[in-house]
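See below for the structure under consideration.
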Amino acid sequence: MKKNITSSIISFCWLSIVGVALVHKSFAVAPRPARPQVTIRVCIGVSSSLKLAIDDTFEIIDPVTNSLVKKGRNYNRTIHLESGKITDDWAFNGSKIYFRTGGKSCFSLNGNLYRGNVEFIIEGKKVVAVNHVSIEDYIKSVVPSEIHRSWRQEALKAQAVAARTFAYYHLLKNRTRAYDIAYGRQEYKGMDAEHAKTSWAVDVTFGQVLQFKNEVFPAYFHAVCGGYTEEASVVWSNSENTPRGAPCTFCKNSRYYEWNYFISEKDLLKKLNNAGFKLSYISSVEGYKRSPYYPRHRSLKVVGDTEHIIPVNKFREIVGYGNLRSSIFTIRHQEKKFFFDGKGWGHGAGLCQYGCKTMAEQGVKYQDMLRHYYPDTEIKRAY
Ligand SMILES: [Zn+2]
């Protein structure tokens with residue numbers, strides 16, 4: 001994952017190819033030179049059985065021997081496990097199988113349309129579907145799922161670069177694993193999510209990723225920061241190489257800038273007990289450790305007949321991410337209830353999406369938005 005990121009990707013995957021980029025018909029003004037296409041492997045389904053349909057030509061390949069198992073036209077079968085092997089009750093029975101799509105280069109999995117090819121592998125007692133797709137096509141589906149396509153183009157471009165950086169970091173990090181992006185890691189709904197406006201933002205930022213200290217890093221993003229973003233390594237208490245947080249005055253008009261929530265002692269006790277924390281009553285909940293930079297909680301102290309230090313992300317998960325919307329909040333204990341008065345929505349690491357919306361409306365360019373939310377980083381072409 002060092003400086004020569006181009007050469008590291010070339011050897012990554014036997015399916016990585018060099019081809020001609022898709023140029024969106026609505027915005028194309030002249031033929032572009034060939035652009036390198038980099039394949040990313042995205043987990044799109046985990047189940048005991050998955051329904052695959054290909055409305056065109058296809059080839060079924062054994063990825064272990066790289067040999068052709070079968071080819072044909074119009075595939076429509078359920079792929080499932082039988083005696084520990086993957087099978088479609090027709091063409092194959094093994095530990096993994098790969099479908100190369102011809103013609104329109106797309107397929108349907110459980111009714112959702114995806115570009116590229118698909119591989120099926122086994123994880124535990126489940127079949128896992130892995131979409132092998134151009135990272136640019138992948139981002140074209142992610143961007144409109146993460147932010148609204150009606151936002152100004154500079155905001156869409158900033159989101160495209162952030163989402164591509166996040167994906168590319170995982171592609172480099174997970175090359176020895178069965179897939180690069182785990183199920184649900186970024187919003188990815190396939191072709192139906194794509195829109196001309198967001199696809200254009202992806203096209204004009206083709207291959208651009210952010211680097212921090214000359215390395216691609218996990219460029220996190222979230223809905224509304226509430227006044228201060230946070231360094232990702234602080235949010236998740238790990239040693240990932242990520243830029244520091246930044247103050248933000250651009251998301252103040254969001255309806256999620258401020259929020260309030262309360263929960264009764266009894267209900268909070270039940271949730272904590274269900275999560276494995278042994279208490280028979282709660283006398284107090286208070287901040288224990290704060291972020292070194294900004295007024296975000298890192299952990300909370302819950303006291304009753306026993307005492308527990310709980311990381312704030314775990315506490316948010318227990319209470320509900322939709323209830324405790326961020327880690328910026330104050331706590332009041334009144335009338336057997338705990339009141340939380342907070343700011344922002346999301347983990348707070350990296351780019352503040354609503355902040356980008358406002359900055360774009362004020363005429364700020366996407367490069368400056370990215371420099372603001374990812375301090376000391378540079379935009380580079382990864383391929
Ligand atoms: Zn913000």
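The values are calculated or read from the model by the stated rules, or taken from the named source; none is laboratory data. Fair warning: this is a prediction, and the values are worked out from it, not measured in the lab. Please note: Cβ atoms are built from the backbone with ideal geometry, for glycine as well, and neighbour counts cover all protein chains shown. These accessible areas exclude ligands, DNA and RNA; they are computed on the full protein's heavy atoms, side chains included. Shrake-Rupley method; radii C 1.70, N 1.55, O 1.52, S 1.80 Å.
Side notes on the structure shown:
- Cα long-axis angle, helix 135-146 against the chain (0 to 90 degrees, to the nearest 10): 40
- R0 of 22 Å, Cβ-Cβ distance D267-D341: FRET efficiency to nearest 0.05: 0.75
- Sites matching GluC sites (Glu not before Pro) across the range 187-258 that sit in DSSP coil, with at most 16 neighbouring C-beta atoms within 10 Å: E187, E240
- Counting DSSP beta bridges with both ends in the chain, the antiparallel % (nearest 5): 95
- Sites N323 and S283 - FRET efficiency at Förster radius 22 Å, r taken between beta-carbons, to 0.05: 0.55
- Full-stretch length increase - R149, A275 - with 0.36 nm per residue and alpha-carbon distance subtracted: 41.6 nm
- Three-way shape label, the range 230-302, alpha-carbon gyration tensor, a/c 1.5: oblate
- Pairs over the 23 Å Cα-Cα cut-off, from the set K85/K173; K126/K271; K71/K96; K126/K270; K266/K343; K278/K301: K85/K173; K126/K271; K126/K270; K266/K343.
- Fraction of accessible area attributable to carbon and sulfur, the range 258-343 (%, probe 1.4 Å): 48
- Whichever aspartates and glutamates have a C-alpha closer than 17 Å to that of K380, once near sequence neighbours (fewer than 8 apart) are set aside: E136, D203, E215, D368
- Note: relative contact order over the range 167-312, using C-alpha pairs below 8 Å and six or more positions apart, is 13 percent.
- Of the trypsin sites (Lys or Arg not before Pro) found in the range 73-182, those in coil by DSSP whose Cβ has at most 11 other Cβ atoms within 10 Å are K125, R177.
- Mean separation of Cα contacts under 8 Å, 6 or more apart, over the residue count of the range 258-343: relative contact order %: 33
- Rolling a 1.4 Å probe across the protein heavy atoms gives the chain an accessible surface of 47 Å² per residue.
- Spatial offset of the range 327-381 relative to the range 77-131 amounts to 39 Å, using the alpha carbon center of each.
- The GNM of the chain, with springs linking C-alpha atoms under 10 angstrom apart, assigns the highest mean-square fluctuation among S48, S326, S145 to S48.
- Rough spin-label spacing in nm, given labels placed 7 Å along Cα→Cβ, for Q367 and T306: 5.6
- Between H333 and K314, the modelled label-to-label distance comes to 2.0 nm, taking each label 7 Å out from Cα in the direction of the beta carbon.
- The chain: calculated mean residue ellipticity at 222 nm from DSSP helix runs of at least 4, using -39500 (n - 2.57): -6500 deg cm²/dmol
- Our summary gives the range 322-383 a relative contact order of 24 percent, counting only alpha carbon pairs under 8 angstrom and 6 or more residues apart.
- Extension gain, K380 to K104: 0.36 nm times the residue separation minus the Cα-Cα distance gives 96.2 nm.
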